[in-house]
Amino acid sequence: MSVRFVDASRLPTDWGVFQMHGFEDPEANKEHLVLTLGDVTGPEPVLTRVHSECLTGDALFSLRCDCGNQLQAALRAIAHEGRGALFYLRQEGRGIGLLNKIKAYHLQDEGADTVEANERLGFGADMRDYSIVRPMFEHLQIASVRLMTNNPRKVAALEELGIDVAERLPLQCDSNPHNEKYLQTKGAKLGHMF
């Protein structure tokens, strides 16, 4: 795996002062980060979120998804606990990229659900690669997690990498008229557990 640590710095946020760890993957030409709070080393499971980039939800506050709300809820939970890690992976649009995500949104505007839209564009329902987190976990010396996710595929992927998922914690966010179909599709077609 080509992912390697670059540097770290403090990152003050509304939820607290995190340590921001930068990683690069030169093969994929991607940069990823991990925000940590407190001492995440040791045998005690670490409250963790593995979050894939969603520019529209995370930065532009889109109501089409629950990504931005999940990101903020995870940071809030880590801050409340005083210890945890948030992995921010540059895998926009379930791995299809921002411009293809816009094309998928257009297909959704015409009636397709999120899975159908990806498939009509020639992609799988979910193209994300969670194996890229292994070097990050190793660098941070995190061996066991309490994983904040609704995605069973993410749990299985981390376990296949040898990361102990001691507990899965649901990350429930409110629905709205713009993301109801999206959330229903995540449950029905992608097996997300709400």
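Nothing in this text is a laboratory measurement; each read-out follows from the coordinates by a stated rule. Model, not experiment: these values are computed from the prediction. Please note: Cβ atoms are built from the backbone with ideal geometry, for glycine as well, and neighbour counts cover all protein chains shown.
Between His139 and Glu44, the modelled labels are 2.5 nm apart [label points 7 Å from Cα along Cα→Cβ].
Restricting the count to DSSP beta bridges whose residues both fall in the chain, what percent are antiparallel, rounded to a multiple of 5?
Numbers: 21 of 34 bridges.
So the antiparallel bridges in the chain amount to around 60 percent.
Ranking Ala85, Leu98, Ala112 by how far each Cα lies toward the positive end of the dipole of segment 67-119 (charges on Cβ) leaves Ala85 at the top. Computed 3J(HN,Hα) for segment 102-109, one whole-Hz value per residue from the Karplus formula 6.51 cos²θ - 1.76 cosθ + 1.60 where θ = phi - 60°, is 4, 4, 5, 4, 4, 5, 5, 4, glycine and proline marked x. Under 5 Å from the amide H of Gln91 lie the amide H atoms of Glu53, each residue being 5 or more positions distant or on a separate chain, with H modelled from the backbone and absent for Pro and chain starts.
Its Kirkwood hydrodynamic radius, worked out from the mean inverse distance over all distinct Cα pairs, puts the chain at 17.2 Å. Taking label points 7 Å from Cα along the Cα-to-Cβ direction, Phe5 and Glu119 give a separation of 4.3 nm.
A crude spin-label estimate for the pair Trp15 and Glu159, with each label 7 Å from Cα along the Cβ direction, gives 2.5 nm.
Is it possible to state the helix-based mean residue ellipticity at 222 nm for the chain, with each DSSP H run of 4+ residues giving -39500 (n - 2.57), the sum divided by total residues, to the nearest 500 deg cm²/dmol? What is it? Before the final figure, lay out the partial values.
Details: 7 runs with 65 residues, N = 194.
My calculation for the chain gives -9500 deg cm²/dmol from helical runs alone.
Under a Cβ-only charge scheme (Lys and Arg +1, Asp and Glu -1), can you give me the dipole magnitude of the chain about the Cα centre, in debye to the nearest 20? Here the chain has a charge dipole of around 160 debye. Sequentially through segment 30-38, phi angles give Karplus couplings (6.51, -1.76, 1.60; θ = phi - 60°) of 10, 10, 10, 9, 10, 9, 10, 9, x Hz, Gly and Pro residues having no value and appearing as x.
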